[in-house]
1. Cβ contacts < 7 Å: first residue without any contact (Cβ under 8 Å) to a residue 60 or more places away in the chain, restricted to the stretch 24-43; second residue of a type outside the set (A, V, I, L, M, F, W, C), any location; separation 6+ or different chain. Result?
2. For the stretch 155-162, does any single residue satisfy the condition of being in contact with a Lys or Arg (Cβ under 7 Å, 6 or more places away or on another chain) and at pLDDT 85 or above?
3. Confirm whether I65 is over 21 Å from V263 (Cα atoms) and within 16 Å of ligand 2 (Cβ to nearest atom).
4. Kindly list the number of the only condition in (1) under 26 Å from the mean Cα position of the chain (by Cα); (2) under 30 Å from L165 (Cα atoms) that fails for D209.
5. Of all residues being under 17 Å from the mean Cα position of the chain (by Cα) and surrounded by 15 or more Cβ atoms within 10 Å (Cβ to Cβ) in the stretch 84-101, which is modelled with the lowest pLDDT? Just the residue, please.
6. So, in the stretch 63-78, how many residues would count as being part of a helix (DSSP H, G or I) and closer than 23 Å to L130 by Cβ?
7. If we only count helices (runs of 4 or more DSSP H) wholly inside the stretch 190-298, which ones have 1 or more residues that are within 16 Å of ligand 1 (Cβ to nearest atom)?
8. Could you run through the stretch 194-244 and say how many residues are without any contact (Cβ under 8 Å) to a residue 24 or more places away in the chain and over 28 Å from N71 (Cβ atoms)?
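The values are calculated or read from the model by the stated rules, or taken from the named source; none is laboratory data. Because the structure is predicted, anything quoted here is derived from the model rather than measured. Virtual Cβ from ideal backbone geometry, glycine too; neighbours counted across all protein chains shown.
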Amino acid sequence: MDKLVERALAGDRRSIARLVSEVERKDPGSAALMKQIYPHTGRAHTIGITGSPGAGKSTLTSRLISELRENGKRVGVIAVDPSSPYTGGAILGDRLRMQDHALDDGVFIRSMGSRGNLGGLSGATHEAALILDACGYDIVIVETVGVGQSEVDVVKISDTVCLILVPGMGDDVQIMKAGIMEIADVFVVNKADRGGAEKVAADVKVMLDLIPERAWRPPVSLSSAEKNSGMEDILANIESHRKYLTDTEGGRNRILSKIEAEVEEVLRRYLFERVEDVWRGERDTGILNRIENRETDPYTVAAGLIERIVVR
Ligand SMILES: Nc1nc2c(ncn2[C@@H]2O[C@H](COP(=O)(O)OP(=O)(O)OP(=O)(O)O)[C@@H](O)[C@H]2O)c(=O)[nH]1
Ligand SMILES: [Mg+2]
């Protein structure tokens, strides 16, 4: 086994951080590393926390970490910043809000970019979650801002998706538009210390009633991350959802469809990388001129390249 993987699996934080960096940079050897990591995964419960910018996701995450630590759980956190690959305001804010846990050995916090993935989560986010799972974190929290594709992608990498709403943002309309009702397993109306939270919760429940009968009905909690209230209730709801996943047929199917999405994602990435490789080697062989002179055409060239990938 690779030394780095060995040290990371043994819980060495610097090695874990280096592993995550390698998958984030998509180093050529990262697939080989992930092959060694994967057999050790499947123990953590991965929680996706999504919601509008400023909804209180980081503050809430920090509170949940405290609660989970009191219950003796080790917690890994990946904060995804859609705007920049490595640095940026949001990351700074997330860092500050989670700083309380900086010295706790049972907590690992990592910020990652998602740029270059059409606004969605990168494959590296998923791999980072797998690494934290393998390295002994019982709970892995992935915080993503609910913009565009990332909130849909978060379903693919989370066991439980927790959607954070806040009063006074016209969220009822937003939810309907984005079809987010379908992806949330647990609803949280945060900033309940302000007015209007009960109304939002009631609206969500009405909308849930409109969705045809399904095996899991998402519960709705009120919270104030600022005042540290509602955390136990949220964790209890997440735990119920975990039980649903493992103990019911609907839940088992959900787990399998997550694995299916995982295979498809890796497959797509492998294919894409191979196509790029082959094309890079071919591009400067005069092929462009031959197409220009109509000696061949893009369709024949593409089909030929694909064939070479398959034969290899
Ligand atoms: N009144 C009130 N303010 C809150 C609550 N939770 C968070 N806030 C405040 O809301 C602001 C945004 O909080 P964050 O935790 O950074 O929100 P976020 O969703 O992580 O934000 P982004 O990551 O930038 O999308 C901060 O000023 C928090 O102090 C709450 O329960 N009540
Ligand atoms: Mg945040």
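1. Matching pairs, first to second residue: L33/D2; L33/E22; Q36/D2.
2. Yes; the residues of the stretch 155-162 include at least one that is in contact with a Lys or Arg (Cβ under 7 Å, 6 or more places away or on another chain) and at pLDDT 85 or above.
3. yes
4. With (1) under 26 Å from the mean Cα position of the chain (by Cα); (2) under 30 Å from L165 (Cα atoms) applied to D209, the lone miss is (1).
5. Our first condition is that a residue be under 17 Å from the mean Cα position of the chain (by Cα); within the stretch 84-101, this holds for 84-86, 90-91, 94.
Of the ones still in play, those that are also surrounded by 15 or more Cβ atoms within 10 Å (Cβ to Cβ) are 90-91, 94.
Numbers: A90: 44, I91: 49, D94: 55.
Top of the filtered list is A90.
6. Matching residues across the stretch 63-78 total 4.
7. Details: elements: 197-210, 231-247, 249-282, 288-292.
Here the list reads 197-210, 231-247.
8. Residues that pass the stated criteria total 7.
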